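Structure, as structure tokens:
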Amino acid sequence: MEINIVNMFPEVLNLYGDRGNIICLQKRCVWRGIKVNIFEYNLDSNQEILKNADIILLGGASDREQSIVYSHLLNLKELIKSLIEDGVCLLAICGGYQLLGEAYVDSSGRTIKGLHILDFITKAEGKRLIGNIIIETSLDVFPKTVVGYENHGGRTYHDYQPFGKVLKGYGNNGKDRFEGLIYKNVIGTYLHGPLLPKNPHIADLMLKKVLERKYALDSSEFQRLNDTLEYMAHNKVKELYM
């Protein structure tokens, strides 16, 4: 079995170490004997790299950096949209999450157009939402808690299934007590940390979806790993902040 992971514009979209999510997925494949190919999609990359993706990472960035990559992502809009509809896994974090929507209105009132692959907007309102965050996810995983760190000025509003309900922290907008977004095999979230190393159940859910889609692998055939250390880190965050 073989998995292709594409990291989109990693030199720009890696604000809070989101590259660690790639390392986590890679290790969890290697430990299971699954071959994994990591591709970095940069400004001069061939679209064929993206066409063969099983997992795509769209990381976080500042407002300025989002505008830098926007024009390049716009050229990929229809391809990314078709990949999403075809069931490819996409993890979009912070700025990457915002870019999937219709627009981002920054603190000066300037509108930064999004890809409008999904129907939502993000607005910069008031103080930044910063701190450790714990959510109860809506996904079919155990444990149900997901831990991370958020640092965003934008407030996101949408009607999609949320990634989870906020137990501690702010989430999408600090008002509705929801965090992130789920659409098909897309996870949009404000959780940095990076997200996946302290939440191996989310990493494994993504890998299961890839193997089910690509090889029709039954979930019962998916090898379990010893995640004692990972859940020590996960539970320590819950202990400290809940």
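Helical runs assigned H by DSSP (4 residues or longer) give the chain a calculated mean residue ellipticity at 222 nm of -9000 deg cm²/dmol, each run adding -39500 (n - 2.57) before division by the residue total. Among Leu100, Leu76, Leu13, the largest mean-square fluctuation in a Gaussian network model of the chain (Cα springs under 10 Å) belongs to Leu76.
For the chain, with a Gaussian network of springs between Cα atoms less than 10 Å apart, report the residue from Lys175, Lys51, Lys214 with the top mean-square fluctuation. Checking each option, the largest mean-square fluctuation is seen for Lys175.
Classify the chain as rounded, prolate or oblate from the Cα gyration tensor: take a ≥ b ≥ c as the square roots of its eigenvalues, call it rounded if a/c is under 1.5, otherwise prolate when a/b beats b/c and oblate if not.
Judged from the Cα gyration tensor, the chain comes out oblate (a/c at least 1.5, b/c at or above a/b).
The distance from the alpha carbon centre of the stretch 150-214 to that of the stretch 39-55 is 23 Å, rounded to a whole number. Extension gain for Glu2-Thr228 works out to 78.8 nm (0.36 nm per residue, less the C-alpha to C-alpha distance). Report the residue, chosen from Tyr160, Tyr190, Tyr104, that carries the largest GNM mean-square fluctuation when the chain is represented by alpha-carbon nodes joined by springs under 10 Å. Per the Cα network of the chain with a 10 Å cutoff, Tyr160 tops the list.
What FRET efficiency comes out for the pair Ala216/Glu136, r = Cβ-Cβ distance, R0 = 41 Å, nearest 0.05?
Efficiency computed from Cβ-Cβ geometry: 0.85.
Going by the alpha-carbon gyration tensor, a ≥ b ≥ c the square roots of its eigenvalues, is the stretch 123-214 rounded (a/c under 1.5) or, if a/c is not under 1.5, prolate (a/b greater than b/c) versus oblate? Judged from the Cα gyration tensor, the stretch 123-214 comes out prolate (a/c at least 1.5, a/b above b/c). Residue exposure proxy: Glu239, Glu150, ordered by other Cβ atoms within 10 angstrom of their Cβ from fewest to most, comes out as Glu239, Glu150. Projecting each Cα onto the charge dipole of the stretch 2-241 (Lys/Arg +1, Asp/Glu -1 at the beta carbon, about the Cα centre), which of Val30, Ile117, Met232 comes out farthest on the positive side? It is Met232, whose Cα lies furthest towards the positive end. Evaluated with a Cβ-only charge set (Lys, Arg +1; Asp, Glu -1), the stretch 103-242 carries a dipole of roughly 380 debye about its Cα centre, given to the nearest 20.
Taken together, the values in this text are just the output of simple stated rules run on the coordinates, not laboratory data. From a predicted model like this one, the values you see are computed outputs, not experimental measurements. So basically every Cβ, Gly included, is an ideal-geometry build from the backbone, and we count neighbours across all protein chains shown.
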